[in-house]
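Colleague: Take this structure first; my questions come after.
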Amino acid sequence: MPSPIQVTQSSIPPYEQYIEEIKDLWESYWLTNMGTKHQQLEQQLANYLNVPNISLFSNGHLALETALSAFNLSGEVITTPFTFASTTQAIVRNGLEPVFCDINPDDYTLQIDQLESLITDKTTAIVPVHVYGNICDVKEIERIANKYNLKVIYDAAHAFGITIKGESVANFGDASMFSFHATKVFNTIEGGALSFREPQLTSIFNAMKNFGMTGPEFVDYIAGNAKMNEFQAAMGLCNLRNIDEEIKKRQLVFERYMEQLSEIKGINLPFIQQGVKSNYAYFPVVFDQYKFSRDEVYELLKEQNIFARKYFYPLTNSFKYFGDQFNPDDTPVAQYIADRVLTLPLYADLALDNVDQICNIIKGGCLR
Ligand SMILES: *Cc1c(COP(=O)(O)O)cnc(C)c1O
């Protein structure tokens with residue numbers, strides 16, 4: 001059996017580069033609490049993402065939870081069920097009620113018409129997701145948010161480094177959350193960040209990731225611990241040096257899949273939206289009246305030691321802990337896509353030969 005191929009493989013710098021980067025920590029004895037590496041990474045990321053303010057976190061999920069908490073929201077928050085568990089958990093763990101809006105059938109982001117119809121006098125925020133790096137209709141979301149005085153916090157976990165018509169996605173909404181988890185395009189082992197326009201949020205976020213403390217003798221907020229440590233930041237500094245190269249390599253894999261799978265009836269391929277500079281994070285394929293179902297393709301690949309993932313299935317509004325609180329039939333497009341989508345392996349070092357093998361298995365041809 002050939003060695004397994006997972007849906008992704010973490011980008012890591014050459015070993016010596018990381019060792020060199022963490023050497024100073026043996027001299028400074030400063031391992032966390034916003035040390036030198038943390039400050040350097042914040043600065044470099046603000047630069048790279050072209051955003052005025054950024055705050056680092058121990059992971060993306062706690063960054064999102066903290067953002068929702070910092071805006072003092074109450075009542076209902078409109079969001080998508082077609083996402084990773086984290087998005088919905090962050091809303092519910094803040095004592096807020098998620099209201100699920102359906103998605104577009106082509107880019108899987110929030111359906112704008114339905115979004116506006118779901119707003120009630122209890123709505124205080126919108127949490128859209130740039131799913132797979134497809135960018136939401138940010139202009140319309142901004143218009144609606146202004147009209148009803150709502151906060152907008154983007155889950156941009158998939159959207160690192162993406163620009164639309166030259167503008168960084170990190171600049172949309174009141175805040176955007178990025179995930180730097182090991183499986184994401186840019187990683188700090190575990191990690192995450194908030195980007196935001198209002199500079200006065202900096203001190204609030206800094207306090208809220210450190211037990212709400214604004215000084216050694218002052219606690220101004222109810223908050224937990226979500227600080228990124230120096231070893232995580234050091235990994236980020238190393239990975240950021242190679243990020244453009246990594247994205248270029250991802251692009252080659254993406255394009256090979258497109259070549260191999262285009263014009264096959266029943267296989268709907270991802271597309272790059274107009275004006276978008278992509279990060280090629282994912283290759284989601286929708287099997288719709290193809291000769292094999294999504295689950296059959298998943299099994300065929302698994303038999304050959306290739307592990308695609310059903311991102312995103314099940315929908316978050318059908319999670320068991322909600323019981324019958326929500327009805328997934330209310331978001332029929334999301335349900336349709338969740339039942340048919342499969343995310344194929346994609347990472348910078350995936351060999352193009354392996355892409356060809358994966359495509360041959362999907363086409364029902366030769367084995368690996
Ligand atoms: C990865 C991910 C998160 C959570 O980020 P972590 O850094 O793993 O905590 C949130 N939302 C989406 C859509 C994600 O893919």
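Colleague: Given the condition buried (at least 20 other Cβ atoms within 10 Å of the Cβ) and within 16 Å of the ligand (Cβ to nearest atom), answer yes or no: does some residue in the stretch 209-224 qualify?
Modeller: yes
Colleague: Filter the stretch 169-208 for residues that are among the β-branched types (Val, Ile, Thr) and either open to solvent by 50 Å² or more (accessible area, probe 1.4 Å) or within 16 Å of the ligand (Cβ to nearest atom) (or both) and give the result.
Modeller: VAL169, THR183, VAL185, THR188, ILE189
Colleague: Determine which single condition SER117 fails, assuming it passes every other condition in (1) touching a residue at least 12 places away in the same chain (Cβ under 8 Å); (2) open to solvent by 10 Å² or more (accessible area, probe 1.4 Å); (3) closer than 19 Å to PRO328 by Cβ.
Modeller: Result: SER117 passes all but (1).
Colleague: Search the stretch 304-330 for residues that are among the small types (Gly, Ala, Ser) and pair each with any residue that is part of a loop (DSSP other than H, G, I, E, B) and surrounded by 13 or more Cβ atoms within 10 Å (Cβ to Cβ) when their beta-carbon atoms are under 7 Å apart and the residues are at least 6 apart or on different chains.
Modeller: ALA308/VAL7; ALA308/PRO345
Colleague: With PHE84, PHE57, PHE71 as the choices, which residue is within 16 Å of the ligand (Cβ to nearest atom) and open to solvent by 10 Å² or more (accessible area, probe 1.4 Å)?
Modeller: PHE84
Colleague: Restricting to strands (runs of 3 or more DSSP E) lying wholly in the stretch 133-247: which have 2 or more residues that are in contact (Cβ under 8 Å) with a residue 40 or more places away in the chain?
Modeller: Per the criteria, 151-155, 175-179, 192-196.
Colleague: Test GLU42 against the stated conditions and say whether it is within 16 Å of the ligand (Cβ to nearest atom) and either in the same structural domain as SER176 (by TED's automatic domain parsing) or modelled with pLDDT of 95 or more (or both).
Modeller: Here the answer is no, as GLU42 does not meet what is asked.
Colleague: Would you be able to say whether some residue in the stretch 326-349 is part of a helix (DSSP H, G or I), closer than 15 Å to LEU261 by Cα and at pLDDT 95 or above?
Modeller: Within the stretch 326-349, none of the residues are part of a helix (DSSP H, G or I), closer than 15 Å to LEU261 by Cα and at pLDDT 95 or above.
Colleague: Quickly run through the stretch 248-282 and pick out the residues that are part of a helix (DSSP H, G or I) and in contact with a strand residue (DSSP E or B) (Cβ under 7 Å, 6 or more places away or on another chain).
Modeller: Answer for the stretch 248-282, where residues must be part of a helix (DSSP H, G or I) and in contact with a strand residue (DSSP E or B) (Cβ under 7 Å, 6 or more places away or on another chain): PHE254, TYR257, LEU261.
The values are calculated or read from the model by the stated rules, or taken from the named source; none is laboratory data. Quantities reported herein were computed from a predicted structural model and do not represent experimental measurements. Backbone-built Cβ (ideal geometry, glycine too); neighbour counts: all protein chains shown. To get the accessible areas, we keep the full protein, side chains included, count just its heavy atoms, and leave off ligands, DNA and RNA. Shrake-Rupley method; radii C 1.70, N 1.55, O 1.52, S 1.80 Å.
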